[in-house]
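One structure below.
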Amino acid sequence: MTGEAGGKLLLFGEHAAVYGRPAVGLGVPWRLRLRFAAPRAGDESHVAAARLRAAYRRIGAGAPPAGALEVRSEIPFGVGLGSSAALCVALARAVAPERGGRSLWSAAHRAEHAFHGSPSGIDTGLALLGGVQRFTPPAPGRVPAAQAIAVRGLYLIVGFVPRRGDTAAQVAAVRRRMQAGDDAVRSAIDRLGAIVAPACELLAASAADRAVRLGALADEADDLLAGIGVGSPAVAGVLAAARSAGATGGKISGGGGGGAFLAFVPDRLAGLAALDAVGESLPAGDILPAGDILPAGDTLPAGGNPPAGAGPAAALLAVEPAGVTVLADRDWPAPAARRIALTRDL
Ligand code: MEV
């Protein structure tokens, strides 16, 4: 039994989507594949395993067909590029291949609650659907509605840096401030959601100044995200280098606290120049494949360690109606393989 799904990049509306606001994102070309396998000594048995077991239970597919999962991922783990959403979609596909459409999305969405308690459904939507998708707010307890946008000739840089905590921690920190009645956070969430409509109009049109206007919206969103506490000095440094080399603006993408970022560029040539500058400015050093799957700071039992992590990296993407392609990259990690124990305590 096998399953597969793609990674994602939130363009606009992250965090606001958790509070029923719209969002827009992109399926990225990197994919994750998994299959059930017989368990072996040394399979990961700690946090990643506990989360996967909880995700599996939430899909509600009965006893698992085998005691371990082999996961091979081109999506770097835990950096905000959708590894956990892809895992949930791939798992739902593997155990219930007859499901399709919203039924599959709903199963993956239920599973994603094991990774962070209050997902909006946009990450699993992108992992499932790919392309550029605009999400509109759902009825309570449902996945949002998704509408594909045909985007032509869009160039952007995507990358990631080490991350503080994971999506669950960032979402919980913003929620605490919302619940405490922090007006500045509430109005930032409103504006982060409101940016999505003009952004979608720009994405759908191929105006000459599109990259400039998308860049300005991205810069504004990045300031707002920093204001609600999910900014990152490391990302700010990389984005400054990108702007001075021709990017029109950029932002954190996803949960924040570091992790994924994006920068818009006017065309392929400008993108290659900006990618060079981004590559030079990436902070040195390795990170664990932490975040969404294995929270940073967790202690691991001997024998249960995940594989060594991927360092910071960046790539230039081209978006066309036919798909999203990688034009060039700096230090993009090779696919990582993990074996995770699944049956214990199910
Ligand atoms: C994470 O990729 C996006 C967030 O808005 C969380 C969610 O929507 O579930 C931060």
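Dipole of the chain (Lys/Arg Cβ +1, Asp/Glu Cβ -1, origin at the Cα centre): which of 192, 254, 133 lies farthest to the positive side?
About the Cα centre, the residue reaching furthest to the positive side is 133.
Report the Cα centroid-to-centroid distance between region 87-148 and region 163-183 in angstrom, as an integer.
If we compute the Cα centre of each part, the gap is 22 Å.
For 330, 21, 40, which order do you get if you count the other beta carbons within 10 Å of each Cβ and list the fewest first?
In order of increasing Cβ crowding within 10 Å: 40, 330, 21.
Treat the count of other C-beta atoms within 10 Å as a stand-in for reagent exposure and order 79, 28 from fewest to most.
Ordered by Cβ neighbours within 10 Å, fewest first: 28, 79.
Which residues' amide hydrogens lie under 5 Å from the amide hydrogen of residue 30, considering only partners 5 or more residues apart or on another chain, with H built in the peptide plane?
Residues meeting the criterion, in which the H sits 1.01 Å from N, are 7.
Add +1 for every Lys or Arg and -1 for every Asp or Glu among the other residues with Cβ under 14 Å from the Cβ of residue 145, and state the total.
Here the charged neighbours net out to +4.
How big is the dipole moment of region 172-256 about its Cα centre under a simple scheme where the beta carbon of each Lys and Arg is +1, that of each Asp and Glu is -1, and everything else is neutral? Debye, nearest 20, please.
220 debye
How big is the charge dipole of the chain about its Cα centre, in debye rounded to the nearest 20, if each Lys and Arg gets +1 on its Cβ and each Asp and Glu gets -1 on its Cβ?
1020 debye
Can you put 120, 281 in order of Cβ neighbours within 10 angstrom, beginning with the fewest?
Fewest-to-most ranking of 120, 281: 281, 120.
Among rounded, prolate and oblate, which fits region 179-295 when a ≥ b ≥ c are the square roots of the eigenvalues of its C-alpha gyration tensor, a/c under 1.5 means rounded, and a/b larger than b/c means prolate?
oblate
Quick one: Karplus J couplings for region 62-76, per residue in order, coefficients 6.51, -1.76, 1.60, θ = phi - 60°, nearest Hz, x for Gly and Pro?
Result, ordered by residue: x, 5, x, x, 7, x, 9, 10, 9, 10, 10, 10, 7, 7, x Hz.
In the calculated pair distance distribution of region 8-47, what percentage of Cα-Cα distances lie above 16 Å?
In whole percent, the share of Cα-Cα pairs in region 8-47 beyond 16 Å is 62.
Hey, what do the phi angles of region 228-239 turn into as Karplus ³J(HN,Hα) couplings, whole Hz, using 6.51/-1.76/1.60 and θ = phi - 60°, x for Gly and Pro?
These are the phi-based 3J(HN,Hα) values: 8, x, 10, x, 7, x, 5, 5, 4, x, 5, 5 Hz.
Which of 119, 144, 29 moves the most in a Gaussian network model of the chain with Cα springs under 10 Å?
29
When a/c is below 1.5 the answer is rounded, else prolate if a/b is larger than b/c, else oblate, so apply that to region 136-245 with a ≥ b ≥ c taken from the square roots of the Cα gyration tensor eigenvalues.
oblate
State whether region 1-80 is rounded, prolate or oblate according to the following rule on the C-alpha gyration tensor (a ≥ b ≥ c being the square roots of its eigenvalues): a/c under 1.5 gives rounded; otherwise a/b larger than b/c gives prolate, and the remaining case gives oblate.
It comes out prolate by the Cα gyration axes.
Amide H of residue 259: which non-local residues (sequence gap of 5 or more, or other chain) have their own amide H closer than 5 Å, using H built in the peptide plane?
Here the answer is 161, 163, 164, since their amide H atoms fall under 5 Å of that of residue 259.
Of the candidates 232, 244, 73, which one comes out as most mobile in a Gaussian network treatment of the chain with C-alpha springs shorter than 10 Å?
It is 244.
Can you tell which of 229, 146, 50 lies farthest toward the positive end of the dipole of the chain, using +1 and -1 charges on the Cβ of basic and acidic side chains (Lys, Arg; Asp, Glu)?
Checked the options; the winner is 50.
Can you list residues whose amide H is under 5 Å from residue 66's amide H, if they're 5+ apart or on another chain and H is modeled 1.01 Å from N?
Under 5 Å from the amide H of residue 66: no residue qualifies.
Taking the Cα atoms of the chain alone, what are Rg (to one decimal) and Dmax (as a whole number) in Å?
Looking at the chain, its Cα Rg and Dmax stand at 18.8, 57 Å.
Cut-off 10 angstrom, C-alpha nodes, Gaussian network model of the chain. Which of 147, 170, 179 fluctuates the most?
Greatest mean-square fluctuation among the candidates belongs to 179.
Please determine, in degrees from 0 to 90 and to the nearest 10, the orientation of helix 210-227 with respect to the longest principal axis defined by the Cα atoms of the chain, where the helix direction is its Cα long axis.
Tilt of helix 210-227: around 60 degrees.
Taking only DSSP H segments of four or more residues, each worth -39500 (n - 2.57), what value at 222 nm results for the chain once the sum is divided by all its residues, to the nearest 500 deg cm²/dmol?
My calculation for the chain gives -11000 deg cm²/dmol from helical runs alone.
Bear in mind these aren't lab numbers, they're just calculated from the coordinates by the rules spelled out. Because the structure is predicted, anything quoted here is derived from the model rather than measured. Neighbour counts are summed over all protein chains in view; Cβ atoms, including those assigned to glycine, are modelled from backbone coordinates with ideal geometry.
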